[in-house]
Amino acid sequence: MEGIYVLKFGGNAIRGKEDLMRLSNEIAQIIRDGAKIILVHGGGPEISAEMEKRGMQPKKVGGVRVTDAEGLEVAEIVLQRLNNDVVKCLEEASVKAIGSAGSVFTVCRKKAPYTVLEDGKEITVDLGLVGEVSEVNTESLEDLLNAGVTPVIYPIGADAEGHKLNVNADTMAAGIAAGIRCKELITITDVPGILMDVNDPGSKINKLTLAEVDELIKKGVISGGMIPKVEACRNALNAGVQTVRMVNGKDKRSIVTDLMKNVPHGTIIMK
Ligand SMILES: Nc1ncnc2c1ncn2[C@@H]1O[C@H](COP(=O)(O)OP(=O)(O)OP(=O)(O)O)[C@@H](O)[C@H]1O
Ligand SMILES: [Mg+2]
């Protein structure tokens, strides 16, 4: 197995030591088989919980967190803590890992207000201190990978002037995937893939084109956190990433090992 894979997982998909160790052991095996991994993680539920603890109101529009200065601070603290946990688990699984903010490897820009379709309706969104990736320092990532080190990235970015920005983890992962033109971007989430009915895990769609994705957003079938995920996938595909896939982090059999062996798994999105 060869090539660079960008893996992204969310806070609901991989939660707690047991989940993290399971994923870490799979990653260790994949690296032994010859692949290189860049790991990006989110922390949605943990950030919301910490905000609520501090009497703040978590707010998401179109599946992305609206962020002010205070929210950014909370997101950073929580993501740093999670990042430490991830690095520790990888090291326990004998993976050489280094944790860092997305700002170390990317330049981001503040996302301009935009319109999205939510539940079939068009809404204008101003997310505040939320960024998207505009540049990736592929050289420093490649240097780490070639030295046998797995970068573990949490999605706090910064603009060219060094102002910190909160970035949706899927957006960060896809931005990095696009910059480095990885072989595959795999997002590990808490559902088996894209579902025709969110409440029916059996309604998974195995393969989708970007045009079909647009239709499903219009119909309101794809909503919430799945919207930034598919938009991120679109960016990665348009930038030349060969394959983009969504898989279930709760899968008992294998999260990512199976698909490295070409066992069909999750939802694949194609141009
Ligand atoms: N058609 C759909 N198929 C599957 N999931 C969908 C669909 N529409 C909306 N969703 C929602 O998208 C969610 C996944 O996105 P979410 O942002 O919550 O998690 P994540 O991105 O994995 O984690 P994090 O945001 O912490 O990085 C699912 O749990 C589901 O509720
Ligand atoms: Mg999400």
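The values are calculated or read from the model by the stated rules, or taken from the named source; none is laboratory data. Please read all numbers here as calculations on a predicted model, not as lab measurements. With ideal geometry, Cβ positions are generated from the backbone for all residues, glycine too; neighbour counts draw on all protein chains shown. Side chains included, ligands, DNA and RNA excluded: accessible areas come from the protein's heavy atoms. Shrake-Rupley method; radii C 1.70, N 1.55, O 1.52, S 1.80 Å.
A compact table of results
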| read-out | value |
| --- | --- |
| Average accessible surface area per residue within the stretch 78-150, 1.4 Å rolling probe, Å² | 53 Å² |
| Solvent-accessible surface (1.4 angstrom probe) belonging to residue 254, in square angstrom, nearest 10 | 0 Å² |
| Translational diffusion of the chain, µm² s⁻¹ [Kirkwood Rh, Cα pairs; Stokes-Einstein; 4 °C; 1.567 mPa s] | 70 µm²/s |
| Protein accessible area in the stretch 4-270, 1.4 Å probe - carbon and sulfur % | 48 percent |
| Kirkwood Rh in Å, taken over the stretch 101-155 so that all alpha-carbon pairs contribute | 13.5 Å |
| Viscosity 1.306 mPa s, 10 °C: Kirkwood-radius Stokes-Einstein D of the stretch 145-271 over Cα pairs, µm²/s | 103 µm²/s |
| Relative contact order, percent, the stretch 4-270 [alpha-carbon distance under 8 Å, six or more residues apart] | 24 percent |
| Pairs of alpha carbons in the stretch 1-151 whose separation is greater than 23 Å (percent) | 45 percent |
| Burial order of peptide ranges 256-269, 115-128 (average beta-carbon count within 10 Å, highest first) | 256-269, 115-128 |
| Flagged links, alpha-carbon separation over 31 Å, of 219/250; 88/271; 36/218; 121/207; 88/204 | 88/271; 36/218; 88/204 |
